[in-house]
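Beneath this line is the structure, given in structure tokens, with notes to follow.
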């Protein structure tokens, strides 16, 4: 990058004694330049080494992505391997030992310019490795701080190689920084035009998902619907932008959006650590000019987007939704030549409406249609008021049902396919008095529908005779949610209840579960019936089972990890643990469900600790396993760790 230098208009006359300023090369200076200029040290190492790799590919004309290894629990290092031109031995010695030396100051094709980024790993580690592949030679260097805290650069090995030219930088990482590298890598590589080859596919997917959310991708900016903060990208590096605009500024609305301004390399000034922009007059003016340009471009982009809609109604919906962030949309007055103004129908139509988190349904008549995502249109029919009110009460957010005639369709601006039939709405639950029979309005049977959020969908109307002597199992329900039925039921829902019942049926017989509204549970005729609560029924059936339970594991993640290890380790404690685990699973396939049920319903039991004792015996022999991330390893590849344990066992023999 060509660093912009403003010429100073300074004239000195007279014969004065002069001396140039100098920088003393001591630990303090090196510490400032390699460490103190970075506030986010993990992000700095990722950013600086990766932009250097990008520059190397640009220099070599290589359009393929470079390789990045993010640290993991078993591989705690960060590395970047590029396939650029590589560096000769002399260049390596110069670049890594000379601060402010850069080979990239003559062109804006390169991101680097200050000659500081290559030393950035010192902000995280006392040493790091550099491997140079150059013209069939592989040279390994160590950059480290000596006993005086001064950086040194040493050639360790030199050997022939067939690997392509390029450079690899390797930095050791502490366990505490593993997650932070993953988090910061997502932020850093989101700004890259091309995502590197990463060893963590979850990180790649996260970056891809974030990029896919972009609603407008223009050559000057990107915009993602919603509020956020203004940012700028230059040379694959993203910066926060703070222009301190006032609310009266017509462009202020852009600073509160999730918008990224795009700039060519060299357009903006930045601080030494490349963590923020240097808001000098030149940079500020460029940013302000770009905002004004974006404001004008947005108007044309939104106009084109609005004209693409097939009908007036959808165009108006887009305008109404965009207005909350992109005020520029108010300057757009037409849709394909038709004024973008809400139509007024020739006749009034009824509107049923509920507010957020309210069950109260209000009714009004109006002529002006609604153009939003909260409104549904139905053809008007008599006798469906109950269905409408019941339907609206199923929503927590604000919702409207508008009843129209066919003559309203063209006036609103859509076609007939946008209007529903009221017969599609569920029938209203009616109350039927049948003497000793519980009415449909208060008795329901539990279904296994997979819906976490709409509690009512889990219940089907049912009829039960209270005078019969057949035992029925019930749970008390209030607003369609079960009242507490177990000691672990802190967030009761019919979805969770159906999952619990499905699991319990592996160990005990459970008949149909009825939901009884609280108002009926309190009545004498119900208390005298043959209904038994789910809690009492499950406790009774559990007590019929053996009260001795094998405890498979103090932590399930640890068990998964140890079991996967045992598949790669021959003999010894791991083999004993695997045999015990396989026997227990084969003989007691539902033992874990049984243990969970005893705990859930507070039934006393006796633990058989044969498995946990054997597992602890393994952990006592290999104490380092306690410090490994069992959750990730239990779901990943344990073969390398198993190879290490086999090697240790072989050496001990």
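Details
- Matching entry among 163, 159 (being surrounded by fewer than 18 Cβ atoms within 10 Å (Cβ to Cβ), assigned to a loop (DSSP other than H, G, I, E, B), in contact with a strand residue (DSSP E or B) (Cβ under 6 Å, 6 or more places away or on another chain) and at pLDDT 85 or above): 163
- In segment 239-263, the residues that are more than 26 Å from residue 213 (Cβ to Cβ) form no Cβ pair under 8 Å with any partner that is part of a strand (DSSP E or B) and at pLDDT 85 or above, whether six or more places apart or across chains.
- Criterion violated by residue 570 - all others in (1) modelled with pLDDT of 70 or more; (2) under 30 Å from residue 484 (Cα atoms) satisfied: (2)
- Some residue of segment 185-208 being more than 20 Å from residue 57 (Cβ to Cβ) and assigned to a strand (DSSP E or B): no
Results for (1) modelled with pLDDT under 90; (2) part of a strand (DSSP E or B), shown as yes or no for each residue.
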residue	(1), (2)
65	no, no
73	yes, no
93	yes, no
104	yes, no
115	yes, no
142	yes, yes
148	yes, no
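- Residue list for segment 125-137, filter: surrounded by 17 or more Cβ atoms within 10 Å (Cβ to Cβ) and at pLDDT 85 or above: 128, 129, 130, 131, 132, 133, 134
- Residue in segment 386-394 that is in a strand (DSSP E or B), assigned by TED's automatic domain parsing to the domain that holds residue 361, in contact with a strand residue (DSSP E or B) (Cβ under 9 Å, 6 or more places away or on another chain) and closer than 22 Å to residue 356 by Cα present: no
- From the list 477, 510, 501, the lone residue that is over 38 Å from the mean Cα position of the chain (by Cα) and modelled with pLDDT of 85 or more is 510.
- Some residue of segment 294-314 being touching a helix residue (DSSP H, G or I) at 6+ places or on another chain (Cβ under 6 Å) and closer than 26 Å to residue 47 by Cβ: no
- Residues of segment 587-602 that turn out to be outside any helix (DSSP H, G or I) and surrounded by fewer than 18 Cβ atoms within 10 Å (Cβ to Cβ), as a count: 4
- Evaluation of residue 27 against the conditions (1) at pLDDT below 55; (2) out of contact with any helix residue (DSSP H, G or I) (no Cβ under 8 Å at 6 or more places or on another chain); (3) surrounded by fewer than 17 Cβ atoms within 10 Å (Cβ to Cβ) shows that the sole unmet condition is (1).
Results for (1) within 37 Å of the chain's Cα centre (by Cα); (2) in the same structural domain as residue 395 (by TED's automatic domain parsing); (3) assigned to a helix (DSSP H, G or I); (4) free of Cβ contacts under 8 Å to residues at least 12 places away in the same chain, shown as yes or no for each residue.
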residue: 279; (1), (2), (3), (4): yes, no, no, no
residue: 284; (1), (2), (3), (4): yes, no, yes, no
residue: 287; (1), (2), (3), (4): yes, no, yes, no
residue: 292; (1), (2), (3), (4): yes, no, yes, no
residue: 315; (1), (2), (3), (4): yes, no, yes, no
residue: 325; (1), (2), (3), (4): yes, no, no, no
residue: 341; (1), (2), (3), (4): no, no, no, yes
residue: 344; (1), (2), (3), (4): no, no, no, no
residue: 360; (1), (2), (3), (4): yes, yes, no, yes
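- Flag for residue 616 being surrounded by 12 or more Cβ atoms within 10 Å (Cβ to Cβ), out of contact with any helix residue (DSSP H, G or I) (no Cβ under 9 Å at 6 or more places or on another chain), modelled with pLDDT of 80 or more and closer than 23 Å to residue 645 by Cβ: yes
The values are calculated or read from the model by the stated rules, or taken from the named source; none is laboratory data. Every value quoted in this text rests on a predicted model; they were computed, and no experiment measured them. For neighbour counting, all protein chains shown are included, and Cβ atoms are generated from backbone atoms with ideal geometry for every residue, glycine included.
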